[in-house]
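Chemist: Please read through the structure below; I'll follow up with questions.
The values are calculated or read from the model by the stated rules, or taken from the named source; none is laboratory data. Here the structure is a predicted model, which means the values were calculated and not measured. With ideal geometry, Cβ positions are generated from the backbone for all residues, glycine too; neighbour counts draw on all protein chains shown. The accessibility values were calculated without ligands, DNA or RNA, using every heavy atom of the protein model including side chains. Shrake-Rupley method; radii C 1.70, N 1.55, O 1.52, S 1.80 Å.
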Amino acid sequence: MITVNGDWFALETANTGYYLGVRGGLVENLHYGARVRVENSVPLREKTDIGYGGDVVYRAESAPLSLEHLCLELSPLQKGDYRAQSLSLVMPGGARTADFSFVCARRLEGSVPPEGMPAARGGAETLALDFSTPEGVAVTLFYTVYPDCDVITRRLCIKNGADAPVTLEKALSYQLDLPGCDYVLSTFPGAWARERHEACVPLTPGAHVFGSTTGASSAFCNPFFMLCAPDATEFNGDAYGFNLVYSGSHMGCVEVSPWGKTRVAAGIQPEGFAWTLAPGERFETPEAVLTFSRAGKNGMSANLHAFVQEHIVRGKWAKKDRPVLLNNWEATYFDFNERKLLSLAKDAAKLGAELFVLDDGWFGARDNDAKGLGDYTVNRKKLPGGLASLAEKVHALGLLFGLWFEPEMVNADSGLFRAHPDWIVQTPGNVPATGRNQYVLDLCRAEVQDYLIGQLSALLDSAPIRYIKWDMNRHLAGVSGAFAHRYILGLYEVLHRIFDARPDILLESCSSGGNRFDLGMLCFSPQIWCSDDTDPIERLDIQKGLSYLYPLSAMGAHVSASPHSQTLRRTPFGTRFAVSCFGCLGYELDLRELTPAELREAKRQVEFYKKHRMTLQYGRFYRFTLPEGREAFSCVARDGAEAVTGHFRRLVHAAPAFEKLPAAGLERDALYEVGSLPPLLRISDFGALIKHALPLKLRADGAIMRRADRLAGLRQAAEKYRASGAALLDGIRLQNLFSGTGYDKALRLPGDFGSEIYLITRVGKAK
């Protein structure tokens, strides 16, 4: 896994290799990608015997060597490397020049996590490379190998061994140089309710810089990005993935040099970052995650999914199936009492749900979002018996009980703010900024941390609470980059001290939806709320974007009402479920507003999901590229026994083409049974056309048809046959689509925003 052989080092996983060589006081990256057979560094070294006219020579004794032409793991500062670098600092005396020189390599067992920050666990080995300057400023680069998922993590540690302070202006987690530049960069930008939409751009000379300055990993730009060969597809071609185990402001940079090399760097956002290191102090960066696959984007995703499931998510909920829940928020908002909640919980139990979640509005004077936040004492007008009484009644229905709160924020109209107005994040001489009527509590302060830990621990121990939705609904403002980093360290400390002692609680992180969906939070919360937008057509893009980075077991996904509160789009009930089942399924609507036919359908949905959820949450996930505005996702069970495939469309077209649904991950010589889960079609969706499908000519808007619409529905054609894996891998030929020629039981009738789910089950060996 790690080989140290004189002046070169090899870090190898099952399919990838990361090779380094020492040249003078420098460490070069010789190759990162597919494993190659090398016994020494000579074949991979850059040839630099002839320089260029504009080069700055690094050292006279190594002339004409210029740093600009090397693939460097750590660049000496102000010594001729003009590309983006992982470090920028002010040395004792004010100089920004730092001649980092390689000292030694150390091979360590297992993982070596940074102090005070979450990190991956279970690494096989770690390589530590030590550097130092003449003034005594030391840097150690850490590389940890995760062979089972083709991941290598990187980070660095700076220690001030000088006799005067050093100021860090930039401290990224790594820099990596790739010898070519023929790549397409994919980032995942967005906004509130529009997170994680993939943005692709071919690399050109110069720097592509992206990231967040909000104090969180942010909906604006996730820390994850990827570099792919121009011809890479979901299934073929070279694909690199990069991420950070970090929840704060961050920056990524991909720069193409004038000589066609590509430098990749990422870490803590350097804007406004000024971190002073006194003599003897050290600073550790967040851990970065790197992976490579020759099997395209799906191969790269599979590496990262395995890494998250094996080495990031921990404790009782690692690899454990997530419960189906009902959240009361969109059913009641702030307007509820115990009777109304228990009515919802009873309906949830009949549905087959396993967890009832009480959202915002249960504490203090919290009747709207302008007051009460911070006062986590139960509102006895709404809940006379308190949380314990409600939780016991929910348990009696056969459901677990969960709770929402937003501990990092406070309203001005609250007892907490009136008692401690100095506890909020604020800049002297400036009016503190608000967002959603909230101030941010200063988690850099030990007394604020202690207060939250005491209050929330007592709350969690006061009732049988088995799930927490931890929300955070606004950005930081008016703070420095160093403060923003200290805030995240304070958050990690609070989460550790509350939840390490309560391993049975399933923590779901949330931040105005997906504003803090990152590997750092996943070290504490095994699942994260994807987005406040639950419109399934929007969610196709959001959850597809997330799937490049994170496994489905991490994605909270709910079925909500139609038309949707974020888009006013009307979508079929079946599509809302079909999209949500490719995640951690929940329902967030008033079940009493569903028709009897829809309630029966919802129960059928939950039964299907529970039966196949280990495949949906932990199976090998595939995305497919389809024409005509269609999407398809597939999850294949780890033992290969079954696959669940979702087929989604946006808008239909007249005279539709014959359709074929791709398959992946099946055994070519196995025999499979293909079956579909035809969604319920509302009679009312057909309008006057329903007369052509009935023997009687009834008014579409008449009483009989309105009642029939509530009590029954139509089913489209169902697939059911057996075929070899080889035949199915060539594509599943689907039943005909409706084309304006009337109704037939052999037709598929998805309509706009329609969907289908296909179940492929292994039943034996093909003949």
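Chemist: Residue under question is GLU234, and the condition is that it be charged (D, E, K, R), open to solvent by 10 Å² or more (accessible area, probe 1.4 Å) and not in a strand (DSSP E or B); does it hold?
Modeler: Values: charged (D, E, K, R): yes; open to solvent by 10 Å² or more (accessible area, probe 1.4 Å): yes; not in a strand (DSSP E or B): yes.
So GLU234 passes the test.
Chemist: Oh, and also: With SER343, SER389, SER293 as the choices, which residue is open to solvent by less than 20 Å² (accessible area, probe 1.4 Å) and of a type outside the set (Val, Ile, Thr)?
Modeler: Numbers: SER343 fails: open to solvent by less than 20 Å² (accessible area, probe 1.4 Å); SER389 fails: open to solvent by less than 20 Å² (accessible area, probe 1.4 Å).
When all the criteria are applied, what remains is SER293.
Chemist: I'd like to check which helices (runs of 4 or more DSSP H) are fully inside region 509-596 and have at least 2 residues that are at pLDDT 95 or above and open to solvent by 10 Å² or more (accessible area, probe 1.4 Å).
Modeler: Values: elements: 519-522, 536-547, 573-580.
In region 509-596, the matching helices (runs of 4 or more DSSP H) lie at 536-547, 573-580.
Chemist: Restricting to region 85-111, name every residue that is aliphatic (A, V, I, L, M) and not in a strand (DSSP E or B).
Modeler: Residues of region 85-111 aliphatic (A, V, I, L, M): 87, 89-91, 95, 98, 103, 105, 108.
Within region 85-111, MET91, ALA95 meet the criteria.
Chemist: LEU441 versus (1) under 26 Å from the mean Cα position of the chain (by Cα); (2) on the phi > 0 side of the Ramachandran plot: which is the lone unmet condition?
Modeler: Here LEU441 meets the rest and fails (2).
Chemist: Let me ask another. Quick one: in region 720-763, of everything that is open to solvent by 30 Å² or more (accessible area, probe 1.4 Å) and hydrophobic (A, V, I, L, M, F, W, C), which residue is modelled with the lowest pLDDT?
Modeler: ALA746
Chemist: Report the residue count in region 450-479 for those that are in a loop (DSSP other than H, G, I, E, B), among the polar types (S, T, N, Q) and touching a helix residue (DSSP H, G or I) at 6+ places or on another chain (Cβ under 9 Å).
Modeler: First, the residues of region 450-479 that are in a loop (DSSP other than H, G, I, E, B): 462-466, 471-479.
Those still in the list that are among the polar types (S, T, N, Q) too: 462, 473.
Narrowing the set further to residues that are touching a helix residue (DSSP H, G or I) at 6+ places or on another chain (Cβ under 9 Å) leaves 462.
Residues flagged as in a loop (DSSP other than H, G, I, E, B), among the polar types (S, T, N, Q) and touching a helix residue (DSSP H, G or I) at 6+ places or on another chain (Cβ under 9 Å) within region 450-479 amount to 1.
Chemist: Mind counting the residues in region 142-162 that are touching an Asp or Glu at 6+ places or on another chain (Cβ under 7 Å) and of a type in the set (D, E, K, R)?
Modeler: 2
Chemist: So, one more: Among the residues of region 365-375, count how many are open to solvent by less than 20 Å² (accessible area, probe 1.4 Å) and either in contact with a strand residue (DSSP E or B) (Cβ under 9 Å, 6 or more places away or on another chain) or touching a residue at least 60 places away in the same chain (Cβ under 8 Å) (or both). Break it down into steps so the answer makes sense when it comes.
Modeler: Let us first name the residues in region 365-375 that are open to solvent by less than 20 Å² (accessible area, probe 1.4 Å), namely 366, 372-374.
Those still in the list that are either in contact with a strand residue (DSSP E or B) (Cβ under 9 Å, 6 or more places away or on another chain) or touching a residue at least 60 places away in the same chain (Cβ under 8 Å) (or both) too: 372-374.
Residues meeting the conditions: 3.
Chemist: State all residues of region 64-106 that are hydroxyl-bearing (Ser, Thr, Tyr), under 18 Å from ALA171 (Cα atoms) and open to solvent by less than 20 Å² (accessible area, probe 1.4 Å); if no residue qualifies, say none.
Modeler: The first filter runs over region 64-106 and keeps only residues hydroxyl-bearing (Ser, Thr, Tyr), leaving 66, 75, 82, 86, 88, 97, 101.
The next check asks that each one be under 18 Å from ALA171 (Cα atoms); those that pass are 75, 82, 86, 88, 97, 101.
Of everything in region 64-106, those that are hydroxyl-bearing (Ser, Thr, Tyr), under 18 Å from ALA171 (Cα atoms) and open to solvent by less than 20 Å² (accessible area, probe 1.4 Å) turn out to be SER75, SER86.
Chemist: Within region 426-449, can one find any residue that is outside any loop (DSSP other than H, G, I, E, B), open to solvent by 10 Å² or more (accessible area, probe 1.4 Å), among the hydrophobic types (A, V, I, L, M, F, W, C) and in contact (Cβ under 8 Å) with a residue 60 or more places away in the chain? Please lay out each step first, then the result.
Modeler: Going through region 426-449, the residues outside any loop (DSSP other than H, G, I, E, B) turn out to be 435, 438-441, 446-449.
Narrowing further to those that are open to solvent by 10 Å² or more (accessible area, probe 1.4 Å): 435, 439, 446-447, 449.
If we keep only those that are among the hydrophobic types (A, V, I, L, M, F, W, C) too, we end up with 446.
Narrowing further to those that are in contact (Cβ under 8 Å) with a residue 60 or more places away in the chain: none.
No: zero hits.
Chemist: Taking region 376-426 only, how many residues are of a type in the set (S, T, N, Q), more than 13 Å from GLY364 (Cα to Cα) and under 32 Å from the mean Cα position of the chain (by Cα)?
Modeler: Of the residues in region 376-426, 1 are of a type in the set (S, T, N, Q), more than 13 Å from GLY364 (Cα to Cα) and under 32 Å from the mean Cα position of the chain (by Cα).
Chemist: Does region 307-316 contain any residue that is surrounded by 24 or more Cβ atoms within 10 Å (Cβ to Cβ) and farther than 18 Å from VAL145 by Cα?
Modeler: No, because not a single residue in region 307-316 is surrounded by 24 or more Cβ atoms within 10 Å (Cβ to Cβ) and farther than 18 Å from VAL145 by Cα.
Chemist: Related question: Can you tell me which residue within region 270-287, out of those that are in contact with a helix residue (DSSP H, G or I) (Cβ under 6 Å, 6 or more places away or on another chain) and crowded, with 20+ Cβ neighbours inside 10 Å, is nearest to ASP163 (Cα to Cα)?
Modeler: That would be TRP275.
Chemist: I would also like to ask the following. Within region 65-83, can one find any residue that is within 30 Å of ARG486 (Cα to Cα) and at pLDDT below 95?
Modeler: No, region 65-83 has no match at all.
Chemist: While we're looking at this one, here's another question. Working only within region 349-379, note down all residues that are touching a helix residue (DSSP H, G or I) at 6+ places or on another chain (Cβ under 7 Å) and more than 21 Å from PHE417 (Cα to Cα).
Modeler: LEU351, GLY352, ALA353, PHE356, LEU358, ASP359
Chemist: Can you confirm whether region 605-616 contains a residue that is surrounded by 16 or more Cβ atoms within 10 Å (Cβ to Cβ), within 22 Å of GLY556 (Cβ to Cβ) and touching a Phe, Trp or Tyr at 6+ places or on another chain (Cβ under 6 Å)?
Modeler: Yes, region 605-616 has at least one match.
Chemist: Does THR48 fit the bill of being under 23 Å from ARG154 (Cα atoms), free of Cβ contacts under 8 Å to residues at least 24 places away in the same chain and among the hydroxyl-bearing types (Ser, Thr, Tyr)?
Modeler: So THR48 does not fit the description; no.
Every residue, every condition in (1) within 27 Å of the chain's Cα centre (by Cα); (2) of a type in the set (Lys, Arg); (3) over 20 Å from PHE235 (Cβ atoms); (4) buried (at least 17 other Cβ atoms within 10 Å of the Cβ), yes or no:
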position: THR645; (1), (2), (3), (4): yes, no, no, yes
position: GLY665; (1), (2), (3), (4): yes, no, no, yes
position: ILE690; (1), (2), (3), (4): no, no, yes, yes
position: ALA718; (1), (2), (3), (4): no, no, yes, no
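Chemist: Can I ask one more? Here are some conditions: (1) open to solvent by 30 Å² or more (accessible area, probe 1.4 Å); (2) touching a helix residue (DSSP H, G or I) at 6+ places or on another chain (Cβ under 8 Å). ARG707 meets all but one. Which one does it not meet?
Modeler: (2)
Chemist: So, one more: Before we move on, is SER218 among the small types (Gly, Ala, Ser) and at positive phi?
Modeler: Details: among the small types (Gly, Ala, Ser): yes; at positive phi: yes.
Criteria met by SER218.
Chemist: OK, next. Suppose we keep only residues that are among the aromatic types (Phe, Trp, Tyr) and open to solvent by 10 Å² or more (accessible area, probe 1.4 Å) within region 470-508. Which one would you say is farthest from ALA433 (Cα to Cα)? Full working, then the answer.
Modeler: In the first step, residues of region 470-508 are kept if they are among the aromatic types (Phe, Trp, Tyr); the result is 470, 483, 487, 492, 499.
With open to solvent by 10 Å² or more (accessible area, probe 1.4 Å) added as a condition, the list becomes 483, 499.
On the way: PHE483: 16, PHE499: 30 Å.
Among those residues, the one meeting the criterion is PHE499.
Chemist: Scanning region 618-629 for residues that are out of contact with any strand residue (DSSP E or B) (no Cβ under 7 Å at 6 or more places or on another chain) and either of a type outside the set (Asp, Glu) or part of a helix (DSSP H, G or I) (or both), which turns out surrounded by the fewest Cβ atoms within 10 Å (Cβ to Cβ)?
Modeler: Applying the first criterion (out of contact with any strand residue (DSSP E or B) (no Cβ under 7 Å at 6 or more places or on another chain)) to region 618-629 yields 618, 625, 627-628.
Of the ones still in play, those that are also either of a type outside the set (Asp, Glu) or part of a helix (DSSP H, G or I) (or both) are 618, 625, 627.
Values: TYR618: 20, THR625: 12, PRO627: 7.
Once the filter is applied, the top-ranked residue is PRO627.
Chemist: From the set of residues in region 25-53 that are among the small types (Gly, Ala, Ser) and at pLDDT below 90, which is farthest from GLY296 (Cα to Cα)? Quick ask: steps written out before the conclusion?
Modeler: Of the residues in region 25-53, the ones among the small types (Gly, Ala, Ser) are 25, 33-34, 41, 51, 53.
If we keep only those that are at pLDDT below 90 too, we end up with 41, 51, 53.
Working: SER41: 28, GLY51: 37, GLY53: 40 Å.
Per the criteria, the residue is GLY53.
Chemist: Assuming VAL394 fulfils every condition listed in (1) in a helix (DSSP H, G or I); (2) surrounded by fewer than 16 Cβ atoms within 10 Å (Cβ to Cβ); (3) not basic (Lys, Arg) apart from one, which condition is it?
Modeler: (2)
Chemist: Determine which member of the set ARG366, ARG380, ARG418 is in a helix (DSSP H, G or I), at pLDDT 95 or above and on the phi < 0 side of the Ramachandran plot. Can you show your working first?
Modeler: Values: ARG366 fails: in a helix (DSSP H, G or I); ARG380 fails: in a helix (DSSP H, G or I).
Sole residue among the options that is in a helix (DSSP H, G or I), at pLDDT 95 or above and on the phi < 0 side of the Ramachandran plot: ARG418.
Chemist: Would you mention how many residues in region 630-685 are in a loop (DSSP other than H, G, I, E, B), over 27 Å from GLY713 (Cβ atoms) and either touching a Ser or Thr at 6+ places or on another chain (Cβ under 9 Å) or touching a residue at least 60 places away in the same chain (Cβ under 8 Å) (or both)?
Modeler: Counting residues in region 630-685 that are in a loop (DSSP other than H, G, I, E, B), over 27 Å from GLY713 (Cβ atoms) and either touching a Ser or Thr at 6+ places or on another chain (Cβ under 9 Å) or touching a residue at least 60 places away in the same chain (Cβ under 8 Å) (or both) gives 12.
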